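See below for the structure under consideration.
The values are calculated or read from the model by the stated rules, or taken from the named source; none is laboratory data. This structure is a prediction, so every number in the text was calculated from the model and none was measured. Cβ: placed from backbone, ideal geometry, glycine included. Neighbour counts: every protein chain shown.
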Amino acid sequence: MPGKYVSDSYQITPGKRILIAGGGGFIGSHLSKRLMEEDKYYTVVADWADNIYYDVDTYCSEFHKFDLRDQFLSDLATEGCEEVFDLAADMGGMGFIESNHSLILQNSLRINLNLLASAVKHGVKLFFFSSSACVYPDFKQHGIDGDGGEIFTPNLKEEDAWPADVRSNAYGFEKLVAEEACKWAAHDSTVLEVRVARFHNIFGPMGTWKGGREKAPAAFCRKVLCNETTFPMWGDGLQTRSFLIVDECVEGVIRLMRSTCSEPTNIGSDHLISMNDMATMIMEFEGRTLEREHIPGPQGVRGRNSDNTNIKEWLGWAPTPGAEALREGLRRTYTWIKEKLELELSEGIDNRADYSGSVIFQGKADDDGETVRSGKV
Ligand SMILES: NC(=O)c1ccc[n+]([C@@H]2O[C@H](COP(=O)([O-])OP(=O)(O)OC[C@H]3O[C@@H](n4cnc5c(N)ncnc54)[C@H](O)[C@@H]3O)[C@@H](O)[C@H]2O)c1
């Protein structure tokens with residue numbers, strides 16, 4: 001299918017100066033590396049923390065350690081950039097999201113409103129915002145447990161976001177507010193256009209894998225590697241999600257930016273899996289047979305999946321469907337985390353007992369990038 005919003009008017013201009021806010025983070029660093037290497041863009045990364053896996057000049061052209069809650073620094077980062085990719089957020093996996101509502105709402109809202117204002121002020125042409133599947137209404141994600149243990153899980157389409165009901169998590173509420181801020185900024189401007197992606201659980205190598213901000217795929221890989229007999233898991237494991245490898249997420253972001261699609265667009269896999277089945281999939285990589293231990297903990301909504309009907313129609317593209325793509329992505333993530341563990345062990349550091357479970361991480365208003373990245377908070 002050609003794609004309703006596919007356009008050939010977008011110009012790839014080597015040397016084009018673009019800002020990747022939050023580019024020191026997981027998705028932002030993958031995106032910056034790709035745009036710098038393939039399109040030869042001049043990628044300016046602004047983040048309050050260094051990326052701990054890449055040397056700075058291997059993934060961006062210029063790095064600024066800026067706290068983007070500060071409007072002055074947001075302006076400074078944006079000046080002279082033709083495009084802004086906003087991937088900066090105070091965020092983490094379910095354990096973090098459910099324990100830091102106020103911090104997330106205040107910090108991320110400040111960042112996003114600052115960046116939008118800076119983009120308007122400096123005549124930026126194209127603004128990308130990284131929204132989330134968490135914007136979808138609570139009442140569409142309760143799931144219904146069937147008699148045989150099967151669970152009804154809704155495929156969430158873009159139009160499902162309204163009428164809104166995001167009372168259960170400030171993270172999703174903030175994303176919805178920022179989506180609207182983007183929409184109205186573009187509406188009121190003769191220059192600015194916006195693209196909004198709703199990511200559904202992105203994972204892969206070079207992502208957070210310990211400390212309390214990590215997401216389920218990385219946490220599960222770490223727990224399989226660090227336990228001998230049991231596999232502790234929050235909830236009954238019947239919660240469902242879909243997961244997308246970061247390379248495909250980056251591909252989707254770039255395609256969206258080069259399209260004329262100003263609608264918020266799902267970027268996610270439509271392969272649904274329960275947490276129990278994902279744990280089994282990861283255990284199978286090395287023939288592990290850990291017994292699942294279901295313990296109380298944050299679980300988020302009961303279930304959700306990405307509906308990819310619109311992205312196929314709008315961009316003529318969608319992430320690779322099916323279980324095999326997930327298995328391969330998890331295998332790469334598992335191998336990468338195993339290497340990190342082996343490196344620690346070779347340096348005489350054995351944290352396996354600490355890594356065998358998951359911790360709840362409570363941030364504070366006076367945290368800065370250093371404390372967050374080093375996990376000292
Ligand atoms: N990873 C996912 O599964 C997922 C799902 C849905 C939405 N998203 C969104 O995608 C974007 C990127 O996510 P990610 O997984 O790469 O997360 P990440 O935490 O790795 O990246 C976010 C970056 O923002 C930076 N940041 C936070 N506060 C800042 C501040 N005050 N000033 C400057 N930089 C600051 C962090 O240091 C970090 O490097 C975020 O907006 C996130 O909400 C991610």
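The rows are residues; the columns are (1) among the small types (Gly, Ala, Ser); (2) modelled with pLDDT of 95 or more.
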{"residue": "Asp147", "(1), (2)": "no, no"}
{"residue": "Pro154", "(1), (2)": "no, no"}
{"residue": "Glu158", "(1), (2)": "no, yes"}
{"residue": "Ala164", "(1), (2)": "yes, yes"}
{"residue": "Ser168", "(1), (2)": "yes, no"}
{"residue": "Val194", "(1), (2)": "no, yes"}
{"residue": "Phe199", "(1), (2)": "no, yes"}
{"residue": "Ile202", "(1), (2)": "no, yes"}
Next item on the list: Determine whether Glu37 is free of Cβ contacts under 8 Å to residues at least 24 places away in the same chain, touching a strand residue (DSSP E or B) at 6+ places or on another chain (Cβ under 6 Å) and of a type in the set (D, E, K, R).
Entry: no
Check: Pick from the range 48-73 the residues that are within 12 Å of the ligand (Cβ to nearest atom) and out of contact with any helix residue (DSSP H, G or I) (no Cβ under 7 Å at 6 or more places or on another chain): which of them is nearest to Lys16 (Cα to Cα)?
Finding: Leu73
Notebook entry, point to check: From the residues in the range 121-135 that are of a type outside the set (Gly, Ala, Ser) and closer than 25 Å to Glu158 by Cβ, which one is surrounded by the fewest Cβ atoms within 10 Å (Cβ to Cβ)?
Noted result: Lys125
Notebook entry, point to check: Taking the condition at pLDDT 95 or above, of a type outside the set (Ser, Thr, Tyr) and either over 23 Å from Ala218 (Cα atoms) or assigned to a strand (DSSP E or B) (or both), does Leu19 pass?
Noted result: yes
Check: How many residues, within the range 1-48, are more than 25 Å from Asp90 (Cα to Cα) and polar (S, T, N, Q)?
Finding: 4
Next item on the list: For residues that are over 18 Å from the mean Cα position of the chain (by Cα) and either buried (at least 23 other Cβ atoms within 10 Å of the Cβ) or free of Cβ contacts under 8 Å to residues at least 12 places away in the same chain (or both), tally how many sit in the range 82-108.
Entry: 0
Note to self: Need a quick list: strands (runs of 3 or more DSSP E) entirely within the range 202-302 having at least 1 residues that are of a type in the set (A, V, I, L, M, F, W, C) and more than 15 Å from the ligand (Cβ to nearest atom).
What the structure shows: 230-234, 272-274, 291-295
Notebook entry, point to check: Are any residues in the range 57-98 under 22 Å from Leu192 (Cα atoms) and assigned to a strand (DSSP E or B), and if so, which ones?
Noted result: Glu83, Val84, Phe85, Asp86
Notebook entry, point to check: What number of residues within the range 154-201 are among the β-branched types (Val, Ile, Thr) and within 15 Å of the ligand (Cβ to nearest atom)?
Noted result: 4
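Condition check ((1) of a type in the set (A, V, I, L, M, F, W, C); (2) over 15 Å from the mean Cα position of the chain (by Cα)) across all residues:
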{"residue": "Trp162", "(1), (2)": "yes, yes"}
{"residue": "Glu180", "(1), (2)": "no, yes"}
{"residue": "Val196", "(1), (2)": "yes, no"}
{"residue": "Gly211", "(1), (2)": "no, yes"}
{"residue": "Ala218", "(1), (2)": "yes, no"}
{"residue": "Lys223", "(1), (2)": "no, yes"}
{"residue": "Asp236", "(1), (2)": "no, yes"}
{"residue": "Gly252", "(1), (2)": "no, no"}
{"residue": "Leu256", "(1), (2)": "yes, yes"}
Next item on the list: Scan Leu126, Leu113, Leu76 and give me the residue that is more than 23 Å from Asn305 (Cβ to Cβ), free of Cβ contacts under 8 Å to residues at least 24 places away in the same chain and more than 10 Å from the ligand (Cβ to nearest atom).
Entry: Leu76
Check: Just checking, how many residues over the range 210-267 are within 14 Å of Ile311 (Cα to Cα) and among the basic types (Lys, Arg)?
Finding: 2
Notebook entry, point to check: Restricting to the range 25-37, what's the tally of residues that are under 13 Å from the mean Cα position of the chain (by Cα) and within 13 Å of Thr58 (Cβ to Cβ)?
Noted result: 2
